[in-house]
Each structure stands twice: as C-alpha cells, then as structure tokens.
1. Residue-wise, which Karplus ³J(HN,Hα) couplings in Hz belong to the range 394-409, taking 6.51 cos²θ - 1.76 cosθ + 1.60, θ = phi - 60°, and x for glycine or proline?
2. Pulled fully out, how much extra length does the chain show between Gln32 and Arg386, if you take 0.36 nm times their separation in residues and subtract their Cα-Cα distance?
3. Filter Lys98/Lys329; Lys47/Lys106; Lys357/Lys458; Lys47/Lys99; Lys99/Lys329 down to the pairs with a C-alpha to C-alpha distance above 22 Å, please.
4. Over the residues of the range 367-410, compute the C-alpha Rg and express it relative to 2.2 N^0.38 Å.
5. Using heavy-atom solvent-accessible surface (probe 1.4 Å) with all chains present, what is the largest-first order of Ile74, Ile136?
6. Could you calculate, for the range 332-463, the ratio of the Cα radius of gyration to the Kirkwood radius, expressed as Rg to Rh?
7. Within the range 13-127, what whole-number % of the accessible surface is contributed by carbon and sulfur, with the 1.4 Å probe and all protein chains included in the calculation?
8. Taking only the alpha-carbon positions of the range 291-379 and ignoring solvent, what does the Debye formula give for the base-10 log of I(q)/I(0) at q = 0.21, 0.24 Å⁻¹?
Amino acid sequence: MSKETNQQWGGRFTEPTDAFVARFTASIDFDQRMYRQDIQGSIAHAKMLTEAGVLTADECASIEAGLAEIQSDIENGNFPWSIELEDIHMNIEAALTKKIGLTGKKLHTGRSRNDQVATDIRLYLRDEIDNILSEITRLQQGLLTLAQAEADTIMPGFTHLQTAQPVTFGHHLLAWFEMLSRDYERYVDTRKRVNVSPLGAAALAGTTYPINRQITSDLLGFDRPAENSLDAVSDRDFAIEFCASSSILAMHLTRMSEELVLWASAQFNFVNLPDRFCTGSSIMPQKKNPDVPELVRGKSGRVYGHLMSLLTLMKSQPLAYNKDNQEDKEPLFDTIDTIKGCLRAYADMVPALESKKTEMREAALRGFSTATDLADYLTRNGMPFRDAHEVVGKSVAYGIEQNKDLAEMSLEELQVFSADIRADVFEVLTLEGSVAARDHIGGTAPNQVRAAVARGQKMIDAR
C-alpha cells in the first residue's frame, strides 16, 4: 500500500487523491450490501487458486477463516467501513490482510476488481430474484385463495371504465393472477442470463495464471463461465433486463392499484381495505385513504426511471469496463428494494380484502350489462348478429328513457323490438344466467373460475 496515497493501487501515483474526489468516487456507502456475495466469491476464488497450485492448502484455510471472521464482524456491526478504501472489495481485502497478514495479499492473484464486482452483482441479483419470485408466489397464492372464495360473486366488468358485461369477482382476481404469472416467467428467464460467471476475466483480457474458471463457476452455482473476457467485465445487460422485467411488474401493480383505489371509493364501494393498510386525514375525520395502493401506483415511476437510467448509462460505452459502471448499483438496488416492498405490501393486503357483494351486484344491474346476452339470444334464434345488435340497441335506448334495465322490462315491452323474443329470454337476462353461460376455459362462469384456481394452484405447487 502506498503511504503517499493510502490506496492499495497507489504505487504509480505521486500524490494522494483529493479528499473530495475520494468521496465522489467511492461506492462503499451503497455497495457494502454485497458483502456476503463478495466473501462468497473470494472463498471460491481462493479454492480455485489452491487447486491451481497458486495457494497452499494452509493459505486457503487461513483466507477462509479470516473471511468468515470478517463476515461475522460485518453482521454484528463491528466492521469499520472506510471511504478511503473506496469499495466493498478493498475494504474486505484490507481487513483480511490486517487479520492474516501477507497471505491476505495473495487472494487477489488472477483477478481484478472488474471481474470481482461483476461477479458480486450477479450473485447478489440472483439471490434477490429468488426473493422476488417467492413474493410473487405468495401474492399469487393469496389471489387464488380469494378467487376461490369469490367465484360466485357477481360484479360489473368494464371496458373504457363503462359497464360492459357481468363477471365474477373471482374471475377478475384471476386476471391479476395471469399478469403475475407472466412476470414470474420473465424473472425466471432473466435469471438465466444473470447466472453466468465473469470471474476469471480479470481486468479485461483474462490472466496469465493457470486458473480454472469452471471450478469457480461451479462453486458459486453459476450455469457456466462467461465466454468472452471483454464482455464479461463490461456487460450490464442482465441488470437492464431485470429493471425491464421489474418495470412491467410495476405496471401490473399500478393497474391493480388503480382498481383498488376506485373500488374502495364511496362512488364504487366494491371492497373494503383493511384499516392497517390505510391512513386517515388530518382535517377530515371521515376519510380512509387507500395509501398502500396509491403509493405502489406512484412507485412505478422510480422503477421506470431506473430502467432509463441504466439504458442511458450503458449507451455508447466502449469496451471494456468504465468507471461509469459504478453508477449501475444504486438504480439496480433501489429497483430491487422497491419491487420487494410493493410485492410484500400486496401479498399481505390482498388476502385480507373484503368484497361488498351486495354493492357489486347492484352495480352490475346498472348499465345494461346483459345487453350482449340478449343479442346472443336473438342470434341463436336465427337473427343475424348485426340485426340483433340494432334491436338490442333500441331496447337499451328505451330502457334509458324509462329508467329500466332489460331484466326489469316486461315480455310485452321487449317484444315491441322483436317478435323473436320469447318468455325464456329472462333466463339469459339475469346476472347469474349471464355469467354461467360463459362456460369455457377462460370464461367467467363460477365453475370455470374454480377450475382455473385449481390449475393455478397446480402450477404454483410445481414451482
């Protein structure tokens, strides 16, 4: 270590780093969260160096023991992080050398901070993807349980936020389930590209030491070593892809949030959010604000912003590693934290939702939600669909004038618009008849909802 610079890389420098520059370029404030992965990678590297004959078995054992002590110190809050040592790697290496002496300086043989940090990030992100997958599953399990309980609960389905056709609440919840299933698949696919080992690429060209990259790849649970050393140290596609997958998940959560905010309002009054997920007003004592859905809806903006930040960060970067890439961690880490927080909130909240069945049903009775059923009825009786569409449109116009839903009209009133309408028409004009008639895979019929829940449960159980 250079006395003039107090840096482990300072041999060729003749003056110390400016104090502001040291703070400006340091990453230890945010990359220290990767300490477990940094230690994990160092132990694997030491074992590989021992296999290659670069370290002795005793030296490897000393390094492992020293790193285990350092991990314990960190987890017990007894580790002195230093901005002068810049980052997680140098802090741990300096502490190791202090603990075990000269052998600690041998650990960095055959590697660079470039491949070291790339390895740490991939290990860290892999662990966090697994945590996110677990939270998605927990939220989906809650949706399945609720959908099963609400398979018969009728509510209005909407297009353009206008009453369209009656559906079941369980069916609506399963639409959310499907969104999350695609999110789950995207993260699983992203994980495949995260799980590639850059360790051994060194600074950019590989190393002259007789290393075996397959050993470290296997020890760290990677699928394979990265093929090209230049790409291995400079690639951040996996982080961008993770943020893209997270942005889509965040978008899905905003759609759920918007519906919950609407449904919890006095104007809809479809659901009751548990008090523990809401707050009140400092001036209006009657208020119960749906803060969790609103905040989740708002947090999508920061996730989208982090995706754009990483895309812009990597734009036009020449090979190989550049200091720009230090800026990859904060947006990546915040995306991880934000997504995990949103998922946790929803996985806790969704199973506790209470549907207001009477209010949902009354809303489905408004807005002529069974109009399509009447058109389908006429079509089944031989009328071309376009003619049936016109007949139903006129009957709806009459209903608006008379303030009557189709099911509230008499047979004589309906027959004014078509003689093909008979007494059995009321079987299709009821809400229950309407939802039961959509009895196919993907339909809203209660028995199809229960079948979809069973398929969803089977899929989750197979994960």
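1. Whole-Hz 3J(HN,Hα) from phi for the range 394-409: 5, 5, 5, 4, 5, x, 5, 5, 8, 6, 10, 6, 4, 5, 8, 7.
2. Numbers: separation 354, 0.36 × 354 = 127.44 nm, distance 6.65 nm.
120.8 nm is the gain from fully extending Gln32 to Arg386.
3. On the way: Lys98/Lys329 28 Å; Lys47/Lys106 12 Å; Lys357/Lys458 28 Å; Lys47/Lys99 19 Å; Lys99/Lys329 29 Å.
Too far apart for the 22 Å limit: Lys98/Lys329; Lys357/Lys458; Lys99/Lys329.
4. On the way: Rg = 10.1 Å, N = 44, 2.2 N^0.38 = 9.3 Å.
It is 1.09.
5. Values: Ile74 25, Ile136 0 Å².
Greatest to least solvent exposure: Ile74, Ile136.
6. On the way: Rg = 21.0 Å, Rh = 18.0 Å.
My calculation of the ratio gives 1.16.
7. Numbers: 2520 of 5030 Å².
Its accessible area is 50 percent carbon and sulfur atoms.
8. Once normalised to I(0) and log-transformed, intensities are -1.01, -1.12.
The values are calculated or read from the model by the stated rules, or taken from the named source; none is laboratory data. Just so we're clear, the structure is a prediction, and the values are computed from it rather than from any experiment. Neighbour counts are summed over all protein chains in view; Cβ atoms, including those assigned to glycine, are modelled from backbone coordinates with ideal geometry. Quick note on the areas: whole protein, heavy atoms, side chains included, nothing else; ligands and nucleic acids left out. Shrake-Rupley method; radii C 1.70, N 1.55, O 1.52, S 1.80 Å.
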